[in-house]
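See below for the structure under consideration.
Each reported figure results from applying straightforward, stated rules to the coordinates on display, with no laboratory input. All values reported here derive from a predicted model rather than from experimental measurement. Quick reminder, even Gly has a Cβ in these numbers, built from the backbone with ideal geometry, and neighbours come from all protein chains shown.
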């Protein structure tokens with residue numbers, strides 16, 4: 001098999017590795033967080049403040065990461081320390097209620113799970129979860145584990161703690177490359193969103209767009225053409241037949 005410089009697969013999560021069985025998952029997760037804050041503050045004020053802070057996170061361009069901006073915004077509203085707000089998030093992440101909700105609503109995409117396991121068993125490639133950084137990495141880890149993925153399959157999982165803004169910005173990929181210590185040509189981004197995943201091309205990263213029932217059907221305004229398009233079987237061929245990895 002010919003040598004290739006690609007060392008790492010960057011996986012999108014939602015619609016690529018796993019899916020939510022219900023669109024109400026955000027409501028369920030939010031209610032857990034609201035109840036924790038409402039034990040100290042007025043419930044209506046909590047809801048309005050969290051929504052406002054979250055909107056700021058979605059538009060965040062730095063210099064604070066998303067986690068720090070969210071905590072600072074809420075701490076200013078309630079006149080407490082950012083660490084107090086972060087503690088509430090940690091309580092939610094460790095709660096049985098959250099695990100129960102995630103377990104109920106998340107499910108794997110079987111083809112994705114099999115391919116991740118195959119890559120781990122049969123190749124020298126490392127794997128990274130490059131999901132939109134709007135929740136802490138521990139939450140994303142929980143989602144993966146409840147969907148059947150062993151967290152040790154992944155070298156790194158993105159989250160709000162180290163990123164700002166959203167994945168649709170090329171800055172996300174530049175920052176990710178810095179954290180995992182790789183050059184763009186050493187990575188392959190795999191996802192189902194023509195905007196958020198294909199923008200990796202602007203960072204010099206090869207892209208494979210999954211064309212399945214979970215494909216996000218929208219235009220790519222920047223016209224970033226993927227290096228490969230197809231289903232999981234096509235992706236498997238792309239990885240193993242095009243020399244992205246040497247077999248063990």
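Once you order the gyration tensor axes a ≥ b ≥ c over the Cα atoms, which shape class does segment 25-101 get: rounded for a/c under 1.5, otherwise prolate or oblate by comparing a/b with b/c? In terms of gyration-tensor shape, prolate. Largest mean-square fluctuation among 180, 229, 109, in a Gaussian network model of the chain whose springs join Cα atoms under 10 Å apart, belongs to 180.
From the square roots a ≥ b ≥ c of the eigenvalues of the alpha-carbon gyration tensor of segment 183-223, which class results: rounded (a/c under 1.5), prolate (a/b over b/c), or oblate?
Because a/c hits 1.5 or more and a/b fails to exceed b/c, segment 183-223 counts as oblate.
With respect to the chain, whose longest principal axis is taken over its alpha-carbon atoms, helix 96-105 is tilted by about 40°.
Cα centroid separation, segment 151-165 to segment 1-58: 13 Å.
Modelled label positions at residue 21 and residue 45, each set 7 Å beyond Cα in the direction of Cβ, lie 3.9 nm from each other.
Return one number: the angle in degrees, 0 to 90 and rounded to the nearest 10, between the long axis of the Cα atoms of helix 137-146 and the longest principal axis of the Cα atoms of the chain. Around 70 degrees separate the two axes.
Pairing the Cα long axis of helix 110-122 with the longest principal axis of the chain, what angle in degrees results, from 0 to 90 and rounded to the nearest 10? The helix 110-122 is inclined about 60 degrees to the chain. Note on the chain: GNM, Cα springs under 10 Å; of 163, 172, 41, the largest mean-square fluctuation is that of 41.
Please arrange 199, 216 by counting, for each residue, the other beta carbons lying within 10 Å of its beta carbon, fewest first. Mind dumping the intermediate values first?
Details: 199 25, 216 16.
The most exposed by this proxy come first: 216, 199.
Quickly estimate the mean residue ellipticity at 222 nm for the chain, helices only: each DSSP H run with n ≥ 4 gives -39500 (n - 2.57), and the total goes over all residues, rounded to 500. Numbers along the way, then the final one.
Values: 9 runs with 110 residues, N = 248.
Value at 222 nm, helices only: -14000 deg cm²/dmol.
Contact order normalised by length for segment 25-101, with contacts defined as Cα pairs under 8 Å and 6 or more residues apart; what percent is it? Before the final figure, lay out each step's value.
Values: 50 pairs, mean separation 25.9, N = 77.
Relative contact order for segment 25-101 comes out at 34 percent.
Need one word for segment 1-53: rounded, prolate or oblate. Basis is the Cα gyration tensor (sqrt eigenvalues a ≥ b ≥ c); a/c below 1.5 gives rounded, then a/b vs b/c decides. Prolate, because a/c is 1.5 or more and a/b exceeds b/c.
Secondary structure note: in the chain, about 20% of the DSSP beta bridges are antiparallel.
Using C-alpha pairs under 8 Å with a sequence gap of at least 6, the mean separation divided by the residue count of the chain gives a relative contact order of 27 percent.
Peptides 26-36, 200-210 ordered by packing proxy, namely the average of other Cβ atoms within 10 Å per residue, highest first: 200-210, 26-36.
Each of 72, 183 has some number of other Cβ atoms within 10 Å of its Cβ, and from fewest to most they run 183, 72.
Fewest Cβ neighbours within 10 Å first, please rank 139, 179 accordingly. The partial results should precede the final answer.
Details: 139 20, 179 12.
The fewest-first ordering by Cβ neighbours comes to 179, 139.
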